[in-house]
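Here's the structure, in structure tokens; my notes come after.
What follows is calculated from the coordinates using simple rules that are stated; it is not laboratory data. Here the structure is a predicted model, which is why all the values come from computation and not from measurement. All Cβ positions, glycine included, derive from the backbone under ideal geometry; neighbour counts span all protein chains shown.
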Amino acid sequence: MWGVIYVLPWLIGFVLFFFIPLLASLRYSMSTIQANAEGIAIQFNGVANYIQALTVNTSFNRALIEAITDVLINVPLIVIFSLFLAVILNQKFRGRAVARSIFFLPVILASGVIMTLESTSLIDAVNQSSTGGSSLGTFELENLMVNAGVSDWIVTYLSSAVDRIYQIVSQSGVQILIFLAGIQTISPQLYEASKMEGATGYEAFWKITFPMVSPLIFVNAIYTIIDSFANNAMTELIRDTGFVKFDFGLSSAMAWVYFLAIAIILVIVNIIFSKRVFYQD
Amino acid sequence: MTTSRLLSLEHWKGWLWAMIRFVLITGLSFVILFPIFQKVSTSIKAKGDLYSAVVVWIPQNFSIDNFKEAIRVMDYWATLFNTFALSATTTLLTTASCALAGYGFARLKFRGSNWLFAGVILTILVPPTTILIPVYLNLKSFDLMGLMTLIAGKPVNLLNTYWPFILTAITANSLKAGLYIFIFRQFFRGIPKEVEEAAYVDGAGIGRTFSRIMLPNAIPSMVTVMLFSFVWQWNDSFYTTTYLTSSKVMSTQLSSLPYNLAQQVTDGAASQADPFYLSMIQDTGILLAILPLIVIYLFVQRYFVESVERTGIVG
């Protein structure tokens, strides 16, 4: 009874601003919509919008595939990177407080307009090109690895990761926080005991830290996926189709295809993780 | 003999790791701070320094003209005030409504509450883009199930007002609210049941227990939610540029900054604008937009980092 009262504000909002719009959007996606002075006229037309999005529209497929590959490439990098940094930031060293506050700065700065404007800044572009094409000089590193017999595919992946280091760092703020909080809940006795048994730091990480935070790896993977899907070329395209070209039907159909794609990825990730995650209780 | 050598080996390993760690952290910190330094450096340059080959970081001629220009074009002070008011309002309302919902889901189980919580998760998973158009149309002629027609005679247009933000914030459905409910739920679940039972035994009702016992305990998670909510509202371009096209808030001003600059700096003759000079003012504008956030962060960061660690996002 009391529970209902506490949840009620959310429930009203959920119905008004989420559930009804969700159904409406599904309906729009299967309709032709004409907006005129009296309001909007909705006419059912089946899957025509979906067909148009997938086969006629020139940029939809490309944007969708780009968005998905981007996520598939970035998520493992971000998760591994943020776990690594959380472990480092958890160690005791001089200047730890400063380092922590710097690493969480991107949580505050990296979003929305600022990122978009940044990528169009001429001065940034000029400064970048003056430091020489590939910004951190990964060319030599690539050669080295290829000569050492590392497979081409891995080399490209890693060197592209180095080139996108700013993007990765700036997208991992929240994830580092989550991992850091998780690591700090691990009881210190575990580490003490393992040290007595003669485990090295490396072993302690793989035998204690890693299994203990593995549920958080799942959480972070999901968070990263959702976060990187929230704002990209695909959402831009959907918005443009809706609010610039006023093709609400097509825009809704695109949004639903997009949502389904995300849902499928989330389900796959869920299946992969549900078998491997270690739960303490 | 062997033990001492082993000891020194351990010592060297420790030292080496500290070195590597130092280089890594310094390097990555630099990567994060570099764009900010660059903007600061750009913003205090005089126009002439742009083409001077001598100037890289520290300008030859300091000048605050860029700031003056950016402040004028962005209508900075009014924008700052509006953005602050909007973010603060939504932050307070969102925190309150999400704390209520989080507590309800964590402790006051009722029939179907698990299903409703699945609804919360759904709001996190569905991209906002999917429901943007219906919500937009809904707000454009907001009717609240015929209620508005009853009172005002016709549906009201809520676009370009703060109402969309206030309404979604009160009802815990604003930007990323699902995440905040999740954080609160996790936190309240972590508080021992005995605390609550003791309060009940002492004769406190549910409302009183919540406001006197649970909320004061929840301050760490409240700090986290408030900071996230404030900052993400401040930076949000997704909803703001859709709902508030003509109001002066930071993110709409920023996104129209390149256009406004080209219009105003050169008195409308866009073709005569020097793109580098425009870019310079644009960078100053970005700096001005994020400056308040950085200042706030400097004050709360220690508390914030600590609070997240105790928030129980982790469960």
Membrane-span-like helices (DSSP H runs, Cα span along own axis at least 27 Å, mean Kyte-Doolittle at least 1.0) in chain A -> A:60-90, A:210-230, A:248-276
Which of B:Gln264, B:Gln253, B:Gln186 fluctuates most in a GNM of chain B (C-alpha springs under 10 Å)? That residue is B:Gln264
One checks the Cα atoms of chain B and finds Rg and Dmax, in Å, of 25.7, 95
For the stretch B:75-248, the charge dipole (Cβ of Lys, Arg +1; Cβ of Asp, Glu -1; about the Cα centre) points to a positive end, and the Cα of B:Ser246, B:Leu227, B:Phe142 closest to that extreme belongs to B:Phe142
Pairs over 21 Å Cα to Cα, from B:Lys39/B:Lys248; B:Lys39/B:Lys68; A:Lys245/B:Lys140; B:Lys39/B:Lys176, come to B:Lys39/B:Lys248; B:Lys39/B:Lys176
With the 8 Å Cα cutoff and a minimum separation of six or more residues, the stretch B:75-248 has a relative contact order in percent of 39
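With the Cα gyration tensor of the stretch A:144-205 in hand, convert its eigenvalues to equivalent ellipsoid semi-axes via √(5λ) and list them largest first in whole Å.
The answer is 33, 21, 6 Å, longest axis first.
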Here, B:Val201 and B:Glu10, labelled 7 Å along Cα→Cβ, have an inter-label distance in nm of 4.8
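Using Cβ contacts closer than 10 Å as the measure, can you line up B:Asp202, B:Asp274, B:Asp65 from fewest to most?
Values: B:Asp202 10, B:Asp274 13, B:Asp65 16.
Fewest-to-most Cβ neighbours within 10 Å comes out as B:Asp202, B:Asp274, B:Asp65.
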What the Cα atoms of the stretch B:75-248 span along the principal axes, largest first and in whole Å, is 53, 39, 31
Scoring only Lys, Arg, Asp and Glu (+1, +1, -1, -1) among other residues with Cβ under 13 Å from the Cβ of B:Lys45 yields -2
Rounded to one decimal in nm, the spacing of the 7 Å Cα→Cβ label points at B:Leu24 and A:Asp152 is 3.2
Least to most buried among A:Met1, B:Met226, A:Met234, by other C-beta atoms within 10 Å and fewest first, runs A:Met1, B:Met226, A:Met234
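What number, in nm² with one decimal, is the all-direction average of the projected area of the convex hull of the alpha-carbon atoms of the stretch B:80-176?
The number I arrive at for the stretch B:80-176 is 7.8 nm².
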Rounded to whole angstrom, the alpha-carbon centroid of the stretch A:184-200 lies from that of the stretch B:22-89 at a distance of 46
With A:Ile20 itself left out, Lys, Arg at +1 and Asp, Glu at -1 over residues whose Cβ is under 13 Å from its Cβ give 0
Put in order of increasing Cβ neighbours within 10 Å, starting from the fewest, B:Thr91, B:Thr245 give B:Thr245, B:Thr91
Residues other than B:Tyr239 with Cβ under 12 Å of its Cβ, Lys/Arg counted +1 and Asp/Glu -1, net out at +1
Of B:Leu33, B:Leu291, B:Leu261, the most mobile residue in a GNM of chain B (C-alpha springs, cutoff 10 Å) is B:Leu33
Here, A:Ile186 and A:Phe205, labelled 7 Å along Cα→Cβ, have an inter-label distance in nm of 1.0
Place a point 7 Å from the Cα of A:Asn45 in the direction of its beta carbon; the residues of the stretch B:121-145 whose amide N falls under 19 Å from it are B:133-134
Rounded to the nearest 0.05, FRET efficiency between B:Gln60 and B:Asn260 (Cβ-Cβ, R0 25 Å) equals 0.30
With N residues in chain A, Rg(alpha-carbon) / (2.2 N^0.38 Å) equals 1.26
Log entry: pair-distance distribution for the protein assembly as shown, C-alpha pairs binned every 20 Å from zero, whole % per bin is 17, 50, 29, 4, 0
